[in-house]
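J.: Please read through the structure below; I'll follow up with questions.
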Amino acid sequence: MVKVNCLNKISPVGLNLLTDNYTQVEETADANAILVRSAAMHDMDFSDNLAAIARAGAGVNNIPLDKCAEKGIVVFNTPGANANGVKELVICGMLMASRDIVGGIEWTKENESDPNVKKTMEKAKSQFAGKEIKGKKLGIIGLGAIGVLVANAANRLGMDVYGCDPFLSVGNALNLSRDIHVVKTREEIFKECDYITVHAPLLDDTKEMINKETIAMMKDGVIILNYARDLLVCEADMVEAVQSGKVAKYMCDFASPAFKDVKNIIATPHLGASTEESEDNCAIMAVNQVMDYIENGNIKNSVNYPACDAGICTTEGRITVNHKNVPNMLTQFTKVFAEEGINIENMVNKSRGEYSYSVFDICSPSGVHLVEQLEKIEGVLKVRIVK
């Protein structure tokens, strides 16, 4: 029986995919797999029984990836599952920034008891006059699953869209509208665009990439949107830029004490993926990935181990090994199989940085003694019997 622990509430649409071979447990120490959303895991201890952690979402800052890799725990995320929900909020944020809808709503609430409100609103509405987004230049930094959807939606709304992503995948490039201008550097986005939205991962290169120096490159009155990660923007520099008028509006999905009482910064409480559809999609993807790993040893959308697809096992046995990416490992593995008199019918080995993953389809069922022999090899982190 495979034991699954849910650190956060996970959509039942996903959990219902678990078969009778799985059971949910309350304690993480008992779990073979953990499903998580935003719960902090950096201070947690992980048992040797834990094989996988699946984040029902894209960001994995709450999970200690290196610690997990060292224990042979594969960490999955669900890129693209919540993309449409985030895209819709970005478009909403862009419209709110352009038309001062929030200011208009606040005025209406303050004056709705006025019996002459229908007359006074005609005079008052000029203070909330905005501009249309059609024909304006939108710059998108990061053309992943969300960035591509934002680009295509903005293009259909009549915007002149520019995108930048040094790691643009072939799949995402094919999904981009032919009208999108793909540029080579972020600086081109900073200098040319009326609206800038960021959809990049948090890396050393992207941390606080929106700062005093890059804001200085931008047009006066630029509108900046951040529905990706709070640390992509230097909050102190953004507050200063908004207060000076250099940045007309900053729309983000992250509450912060730094934004208190700062006019023209509109923050929402991390609502990007908070739709029923996004939560369902993330749960479905997370559960499917965990089940495929547990039952077949396949890895898809891991953030700390290489992708590996060995298909469904058709031999008598399958055993997987999480190990360090160092020379001579495969030679040592095959020597163990030979000494045990076991023929390897198929083998897959993949590497990613410091870590590797190997799958062996063998002519006999995997046994505990074989696992023990493989575990003795220096550099082996986890050995698991799949079949």
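J.: Return 150, 371 ranked ascending by Cβ neighbour count within 10 Å, so the fewest neighbours appear first. Intermediate results must be reported in sequence, preceding the final value.
T.: Numbers: 150 27, 371 17.
Going from least to most buried by this count: 371, 150.
J.: Give me the dipole magnitude in Debye, nearest 20, for segment 306-387 about the Cα centre, with unit charges on the beta carbon: positive for Lys and Arg, negative for Asp and Glu. Present the calculation step by step, with values, prior to reporting the outcome.
T.: Values: 9 positive and 10 negative charges, 53 e Å.
It works out to roughly 260 debye.
J.: Now, a different point. Restricting to DSSP loop positions (anything but H, G, I, E, B) with no more than 16 other Cβ atoms inside 10 Å of their own Cβ, which chymotrypsin sites (Phe, Trp or Tyr not before Pro) remain in segment 89-183? Write out the running numbers ahead of the final one.
T.: Details: sites: 107, 128, 162, 167; in loops: 167.
Listed in order of number, the matching sites are 167.
J.: Let me ask something else. What is the distance in Å between the Cα centroid of segment 64-122 and that of segment 314-387?
T.: The distance from the Cα centre of segment 64-122 to that of segment 314-387 comes to 48 Å.
J.: With θ set to phi - 60°, apply the Karplus curve 6.51 cos²θ - 1.76 cosθ + 1.60 along segment 340-349 and write out the HN-Hα couplings as whole Hz, x wherever there is a Gly or Pro.
T.: Result, rounded to whole Hz: 8, x, 10, 8, 8, 8, 7, 9, 10, 10.
J.: Counting alpha carbon pairs within less than 8 Å and at least 6 residues apart, what relative contact order, in whole percent, applies to the chain? Let's see the in-between values first.
T.: Working: 770 pairs, mean separation 59.1, N = 387.
Contact order relative to length: 15 percent.
J.: By the gyration tensor of its Cα atoms, with a ≥ b ≥ c the square roots of the eigenvalues, what is the shape of segment 262-387: rounded for a/c under 1.5, prolate for a/b over b/c, or oblate?
T.: On the way: a/c = 3.72, a/b = 2.19, b/c = 1.70.
Prolate, because a/c is 1.5 or more and a/b exceeds b/c.
J.: Next question. Take every DSSP beta bridge whose two residues both sit in the chain, then give the antiparallel share in percent to the nearest 5. Please list the in-between numbers first.
T.: Values: 23 of 61 bridges.
Around 40 percent antiparallel, to the nearest 5.
J.: Please compute the contact order of segment 202-275 in relative form: average sequence separation of alpha-carbon pairs under 8 Å and at least six residues apart, divided by the residue count, as a percent.
T.: Computed over segment 202-275, the figure is 29 percent.
J.: May I ask for the net charge around residue 278, where only other residues with Cβ less than 15 Å from the Cβ of residue 278 are counted and Lys, Arg are +1 while Asp, Glu are -1?
T.: On the way: positive: 9, 37, 55, 87; negative: 88, 253, 276, 277, 279, 280.
Taking every other residue near residue 278 into account, the sum is -2.
J.: Sequence gap at least 6, Cα distance under 8 Å: using those rules, report the relative contact order of segment 120-170 to the nearest whole percent. Numbers along the way, then the final one.
T.: Details: 49 pairs, mean separation 20.4, N = 51.
So the answer I get is 40 percent.
J.: Continuing with the same structure: Do the sum for the chain: with -39,500 (n - 2.57) for every DSSP H run of n ≥ 4, divided by all residues, what is the mean residue ellipticity at 222 nm, to the nearest 500 deg cm²/dmol?
T.: Working: 13 runs with 127 residues, N = 387.
Only helices count here, giving -9500 deg cm²/dmol.
J.: While we're looking at this one, here's another question. So how do 312, 101, 223 line up by other beta-carbon neighbours within 10 Å, fewest first?
T.: Working: 312 11, 101 15, 223 25.
In order of increasing Cβ crowding within 10 Å: 312, 101, 223.
J.: In which sequence would 356, 169, 244 go, from the one with the fewest C-beta neighbours within 10 Å to the one with the most? Spell out each step's value before the answer.
T.: Details: 356 22, 169 13, 244 10.
Listed from fewest to most nearby Cβ atoms, that is 244, 169, 356.
J.: Using θ = phi - 60° and the Karplus curve 6.51 cos²θ - 1.76 cosθ + 1.60, what whole-Hz ³J(HN,Hα) does each residue of segment 355-360 get, with Gly and Pro shown as x?
T.: Along segment 355-360, the couplings run 10, 10, 9, 10, 10, 10 Hz.
J.: Please state the charge dipole magnitude for the chain, taken about the Cα centre, from unit charges on C-beta atoms (+1 on K and R, -1 on D and E), reported in debye and rounded to the nearest 20.
T.: Numbers: 40 positive and 51 negative charges, 250 e Å.
Dipole magnitude for the chain comes out near 1200 debye.
J.: Compute the distance in nm between two label points, each set 7 Å from the Cα along the Cα-to-Cβ direction, one at residue 300 and one at residue 338.
T.: The two pseudo-label positions are separated by 3.6 nm.
J.: Quick one: which residues, 5+ away or cross-chain, put their amide H under 5 Å from the amide H of residue 6? H built at 1.01 Å from N.
T.: 25, 35
Values in this text are rule-based calculations from the coordinates and carry no lab data. Given the structure is predicted, the values throughout are model-derived calculations rather than measurements. Reconstructed Cβ throughout: ideal geometry from the backbone, glycine too, with neighbour counts over all protein chains shown.
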